[in-house]
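Quick notes on the structure that follows.
The values are calculated or read from the model by the stated rules, or taken from the named source; none is laboratory data. Only a predicted model underlies this, so the values are computations on that prediction, with no experimental measurement involved. Counting neighbours? That spans all protein chains shown, and the Cβs are built from the backbone with ideal geometry, glycine included.
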C-alpha cells in the first residue's frame, strides 16, 4: 500500500512539510516540475516512484493532470467551485488508491474514471439539492461562464443555452457527450472510463446527441425538422 | 430515395456528424445526403447543435486562469500531504487502540462463556435458598420453585440423576420433558406450608 511505502521512518510533521517545500513560486517543487515536463517519464513510472515513498513524482502527476481533471469536472458539473472541489478530491482518491493501480492499463483512463465518478456524484447531489427553476439555472450558468474576453452577447446567450440543455440531460448521456464532443475522446477510450462496453458507449453517444439536438431546438425555438 | 435508405441513414446521423462511422458506411451516408434534402436538413440540425456544444466547451469562465490553477495545485499537494500524514498518524496511534479492542472482545467472550457454562455455580443467577428451620423440621427451601432442566426426548434419553423420571408432563408440544433436579421424594426435603392467617369473623346480622 502506498501509505506504508511512503511513510516508512518519516515523522508525520516532517512528511507534511516535505510535500510543500522546497517549492517554486507556483507551489510546485522544482524536482516535481522537471518530472512533470520530462517526456521520457511515463505516468506509470511516476506512479511507481510514488509508491516507493517519493513525493515529487506525485506532485508531477498533479501538474500533468490537474487541468484536464478540472475541465472534465467543470463540463460535467457546470460550476467552477464544484469542479475545483472535484479535481482536488480526485487527486486525494488517486493517492489513496495508487497501490491498487494496474500497471498494464492506461493511467489516464483510470484517473479519468475517478474524476468522472466524482463529477457525476457531485452533479447528482447538485441536481437533487437545487430548487431553482430552469430559467434561473440558465442565467446562473451563463453568468458563471462569461468569457474573459469580450464575446458578443448573442454568443454568451447561446453558451448559456447549451449548458441549460446539458443540465436537462441524464448524467450518463452528459458524461459521454462531454468526453466525446468536448474532450475528443473516442468511444473505445470512453467505455473503460465509464465502465461500460464499447457498444453501450456508442449507444449513449447516439442517444445523447439526439436528445441534445431535440432539447436544443426546443430551447432555441428552432422548428423541428 | 427509398424510405428504408432514409431510415437507415437518419439512424446513423448522430454518429455520422461526429465522424464515428466506419469509412464505408460514412461514404454511403454522404452519398445519400447529397441526394436527399430531408435527410440533409436532419444532418444540418444535428451538426449545428453539436457545433454549439463544442463552442460552449471552449469557453473559459471568469476566474479560471493560471493563478487559479497554481493555487489549486498547491491546495491539492497540501491535501495529499495531510492525507499522508493523517494515514501515518493513524498507523502509529492505531496499534494500541487495536490491541485494546482485541482485549475487550476477548474479555467479553470469556464473560459470555462463563455465563453460559451450566456447570459453574454462578453467583449472578444462582438461587440462594431461604435457609433456616421452619418449625424445626426443614433444612432448606428453594427460592423459586424447583430447578428444572429441559431435555429433548429420544430413545436413548435417561434421567441424569439415575432415579425415576419425575417428569411433570410433556413440554413444548411433546418434544421436551421437564425433569426435576431435586429429588422431591427425599423425606428430608420438606416444602413448608405456611399456616393460613386467621381472619377476623364478620359479625352476622342476627347479632344486631
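Residues checked against (1) modelled with pLDDT of 85 or more; (2) farther than 28 Å from residue B:66 by Cβ; (3) surrounded by fewer than 19 Cβ atoms within 10 Å (Cβ to Cβ):
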position: A:128; (1), (2), (3): no, yes, yes
position: A:132; (1), (2), (3): no, yes, yes
position: A:150; (1), (2), (3): no, no, yes
position: A:155; (1), (2), (3): no, no, yes
position: A:163; (1), (2), (3): yes, no, no
position: A:178; (1), (2), (3): yes, no, no
position: A:190; (1), (2), (3): yes, yes, no
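Restricting attention to the stretch A:78-95, the residues that are without any contact (Cβ under 8 Å) to a residue 40 or more places away in the chain, within 18 Å of residue A:125 (Cα to Cα), in contact with a helix residue (DSSP H, G or I) (Cβ under 7 Å, 6 or more places away or on another chain) and within 10 Å of chain B (Cβ to nearest Cβ) add up to 6.
Scanning the stretch A:200-219 turns up no residue that is surrounded by 19 or more Cβ atoms within 10 Å (Cβ to Cβ) and in contact (Cβ under 8 Å) with a residue 60 or more places away in the chain.
Screening the candidates A:80, A:115 for the property of being farther than 12 Å from residue A:47 by Cβ and crowded, with 20+ Cβ neighbours inside 10 Å yields one hit, A:115.
Restricting the first residue to the stretch B:73-86 and requiring it to be at the interface with chain A (Cβ under 7 Å from one of its Cβ atoms) and more than 13 Å from residue A:63 (Cβ to Cβ), which pairs with a second residue that is surrounded by 22 or more Cβ atoms within 10 Å (Cβ to Cβ) and at pLDDT 85 or above meet a Cβ separation below 7 Å and a spacing of at least six or different chains? Filtered contacts from the stretch B:73-86: B:75/A:88; B:79/A:88; B:83/A:95. Within the stretch B:101-116, can one find any residue that is in a helix (DSSP H, G or I) and facing another protein chain (nearest Cβ under 7 Å)? No, there is no match, as no residue in the stretch B:101-116 is in a helix (DSSP H, G or I) and facing another protein chain (nearest Cβ under 7 Å).
Checking each residue in the stretch B:25-39 for being more than 57 Å from the chain's Cα centre (by Cα) and surrounded by 15 or more Cβ atoms within 10 Å (Cβ to Cβ) picks out B:28, B:29, B:32, B:33, B:36, B:39. Can you pull out every residue in the stretch A:179-199 that is in contact (Cβ under 8 Å) with a residue 40 or more places away in the chain and more than 19 Å from residue B:21 (Cα to Cα)? Of everything in the stretch A:179-199, those that are in contact (Cβ under 8 Å) with a residue 40 or more places away in the chain and more than 19 Å from residue B:21 (Cα to Cα) turn out to be A:192, A:193, A:194, A:195. With the requirement that a residue be at the interface with another protein chain (Cβ under 10 Å from one of its Cβ atoms) and surrounded by fewer than 24 Cβ atoms within 10 Å (Cβ to Cβ), what does the stretch A:66-77 give you? Selection gives A:66, A:67, A:70, A:71, A:75.
Can you work out which of the residues in the stretch B:12-70 that are in contact (Cβ under 8 Å) with a residue 24 or more places away in the chain and within 9 Å of chain A (Cβ to nearest Cβ) is nearest to residue A:213 (Cα to Cα)? Checking each candidate, the answer is B:46.
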